[in-house]
Amino acid sequence: MTESSYRIQGATGEWEVVIGLEVHAQVTSQSKLFSGAATAFGAEPNSQVSLVDAAMPGMLPVPNRECIRQAVRTGIAIGAQINKWSRFDRKNYFYADLPQGYQISQLYHPLVGEGEIEITLDDKKPDSAVKRIGVERIHVEQDAGKLMHDQHPTSSYVDLNRSGVALMEIVSRPDMRSPAEAGAYLAKLRTILRYVGSCDGNMDQGSMRADVNVSVRRPGEEFGTRTETKNVNSVRFVMAVVEHEANRQVDVIEAGGTIVQETRLYDPDRNETRSMRSKEDAHDYRYFPDPDLLPLELDDAFVEECRASLPELPDAKRARYEQVLGLSAYNAAVLTAEADTARWFEALLTAGAAIQKKDEAAVAKASANWLMSELYGALNRLGRELADSPVSPQQGAELLALVADGTISGTISKQVFEIMLETGEPAAKIVEEKGLKQTSDTGAIDAVIAKILSDNADKVEQYRGGKEALFGFFVGQTMKAMQGKANPGVVNELLKKALG
């Protein structure tokens, strides 16, 4: 799907959707943005609250260096401008889980300026549909607490464990034009954050969520009035919000109504958005510089340390997999889509190269194919994640080395792998105990071939008469008779000789 291919066909003609995302990503840190309280997920309510988080009188915030460092590292990872001078502002509003009565944020002078994120809409052909989505800014701010509603409709409880947790608000430009582009952008951003280690990206736990801004217009006209759907917590739901909200707006306009700038909520059970409140503008929050916090001033050494700490990022890694390791575009895209997958694959590759005494490129294709087909297939069957694989990268490399050196055939390796999954035993031990070693004994193979050709004289005659496709039949029969233990290369060579 390209930018221009997604159109909504209304009763009065075509409409184009314009999308921007504001992503709130919880910063990976042991303590909160302005206090020493812990940030662990799932703790008992109100068990991780300092006097600063609870807004007790006289408490002063102190910026957490690690939170600032993680935001800077994220900005560098998307090629953004790092502002060496930035400032905190107070965003004033009342809500029951906001004990200060304001949120410390950054409006006028954010920590990170403009950058961009490259998205791909078709992983099978990553170079065929590439688009760059602009990022306007990344600023750091503190999160609010959480309201917990009792079954009784008039009772709610306040949990301040999240109060003061550091967030990066990553604000895109309105550059997306389809649900697919919005989904691809959010997924790619999540991948980058996980590679960098600045956010765990666990949307189901609330550590990453998106506010979805949607408007519609006639193609090429000025932007329409936008709505903002708050706190959407999955890539799939973001795409659903875009589709539903765009169609809703078209229906309203074509019925003679007008779109109101407002905040909406998404109901995934009904797949619909509902009005929450009118959308506030900046002046409604009475922003002003926070008097308790000095401006942030970064020196060159700090920024360079942040830059040097970054790992190889997904786009660079994917290009290396294709250009240096010789993997297909699709395999490279799949293997780099998640940081954990790339780490597992590289551990497999390093171990394989060491065992086989070859460079990584020589073992890359077999390693990638095994990981993506055999291991992923087994994990799906077992309902397990790669991080919980019963077979380690080292064990996988040992199995692949046995195939590479001819100890076992590819067919037998599948049998060995199944035993490894059940027992956790190393491949070499299984092969030895089960007597699964591949044979290259030409005498034994010749004897089997002679019997097969004798039992199938009619097919031999057909083969010699020009029906060469029967060669595969003879190979299959030979491998079956030898229970898959014959060396396929030797079988092919001896069969050609016997049939010649």
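Laboratory data are not the source of any read-out in this text; all were calculated from the coordinates shown. Owing to the predicted nature of the structure, the values given are computational and were not obtained by experimental measurement. Backbone-built Cβ (ideal geometry, glycine too); neighbour counts: all protein chains shown.
What the table shows:
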{"quantity": "Gained length - Glu44 relative to Glu222, 0.36 nm times residue gap less alpha-carbon distance", "calculated": "59.1 nm"}
{"quantity": "The chain, helix-only ellipticity at 222 nm - DSSP H runs n ≥ 4, -39,500 (n - 2.57), divided by all residues, nearest 500", "calculated": "-12000 deg cm²/dmol"}
{"quantity": "Hydrodynamic radius (Kirkwood) for the range 442-499, which is based on Cα pairs only, to one decimal in Å", "calculated": "11.2 Å"}
{"quantity": "Residue list for the range 85-124, given a label point 7 angstrom along the Cα-to-Cβ vector of Phe288 and an amide N cut-off under 20 Å", "calculated": "87-95, 99-110"}
{"quantity": "Pairs beyond 22 Å (Cα-Cα), from Lys91/Lys146; Lys317/Lys365; Lys434/Lys485", "calculated": "none"}
{"quantity": "Globularity index of the range 312-434, i.e. its alpha-carbon radius of gyration over 2.2 N^0.38 Å", "calculated": "1.02"}
{"quantity": "Computed FRET value (nearest 0.05) for Tyr376 with His109, which takes r as the C-beta separation and R₀ as 45 Å", "calculated": "0.45"}
{"quantity": "Summed side-chain charge close to Asp299 - residues other than Asp299 whose Cβ falls under 14 Å, Lys, Arg +1, Asp, Glu -1", "calculated": "0"}
{"quantity": "Separation of the Gln261 and Ala498 label points, Cα + 7 Å toward Cβ, nm", "calculated": "8.2 nm"}
{"quantity": "Residues of the range 486-500 with amide N under 14 Å of the 7 Å Cα→Cβ point at Asp458", "calculated": "none"}
{"quantity": "Summed residue charge, Cβ within 14 Å of Leu98's Cβ, Lys/Arg positive, Asp/Glu negative", "calculated": "-1"}
{"quantity": "Alpha carbon centroid spacing (whole Å) that separates the range 39-118 from the range 281-333", "calculated": "17 Å"}
{"quantity": "Net length gained if the chain between Thr350 and Lys437 were fully extended (0.36 nm per residue, minus Cα distance)", "calculated": "28.8 nm"}
{"quantity": "Theoretical gain in end-to-end length, Arg132 to Ala469 [0.36 nm per residue, Cα-Cα removed]", "calculated": "116.4 nm"}
{"quantity": "Projected label distance in nm at Lys451 and Ala481, using a 7 Å step from Cα toward the beta-carbon", "calculated": "0.6 nm"}
{"quantity": "Dipole moment magnitude, nearest 20 debye, the chain about Cα centre, only Lys, Arg, Asp, Glu C-beta charged", "calculated": "1100 debye"}
{"quantity": "FRET efficiency estimate (nearest 0.05) - Cβ-Cβ, Ser234 to Asp281, R0 25 angstrom", "calculated": "0.30"}
{"quantity": "All-pairs Cα distance distribution in the range 3-306, expressed in whole percent, bin size 10 Å", "calculated": "6, 26, 33, 24, 10, 1, 0"}
{"quantity": "Inter-label distance, nm, simple model (7 Å from Cα along the C-beta direction), Glu305/Arg173", "calculated": "3.3 nm"}
{"quantity": "Net charge of Cβ neighbours under 9 Å - reference Glu136; Lys, Arg +1; Asp, Glu -1", "calculated": "+1"}
